[in-house]
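Written out below as structure tokens is the structure these notes cover.
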């Protein structure tokens, strides 16, 4: 992955940061999504579907683990919170072909 550093007008930074926070993404992820969409129209929709699928799969995994912990009598609330808190909310994806 190419690493870079860009300078942005402060107002643009604030706008991007607010949009990233609203979508529960990192600032970097927000910039990447917006740039990809500008070069590949429709890419953003594909990325959203991928992120939603990943989130649903992770939630299903958490549910299975939670069930197994309940069966074993382990305190579930703390384990569930730790699992959900550790979910990657801004996982980078490779460009969609």
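One table, with the values for the structure above:
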read-out	value
Residues within region 1-23 that are assigned to a loop (DSSP other than H, G, I, E, B) and surrounded by 12 or more Cβ atoms within 10 Å (Cβ to Cβ), tallied	2
Matching residues in region 49-58 - criterion: being surrounded by fewer than 16 Cβ atoms within 10 Å (Cβ to Cβ) and touching a residue at least 12 places away in the same chain (Cβ under 8 Å)	50, 54, 55
Filter pass, residue 46 being part of a helix (DSSP H, G or I), surrounded by 15 or more Cβ atoms within 10 Å (Cβ to Cβ) and modelled with pLDDT of 75 or more	yes
Single match in 5, 36 (criterion: more than 26 Å from residue 85 (Cα to Cα) and touching a helix residue (DSSP H, G or I) at 6+ places or on another chain (Cβ under 6 Å))	36
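The values are calculated or read from the model by the stated rules, or taken from the named source; none is laboratory data. All of these numbers come straight from a predicted model, not from anything done at the bench. When we count neighbours, we look across all protein chains shown, and the Cβ atoms used for this are built from the backbone with ideal geometry, even at glycine.
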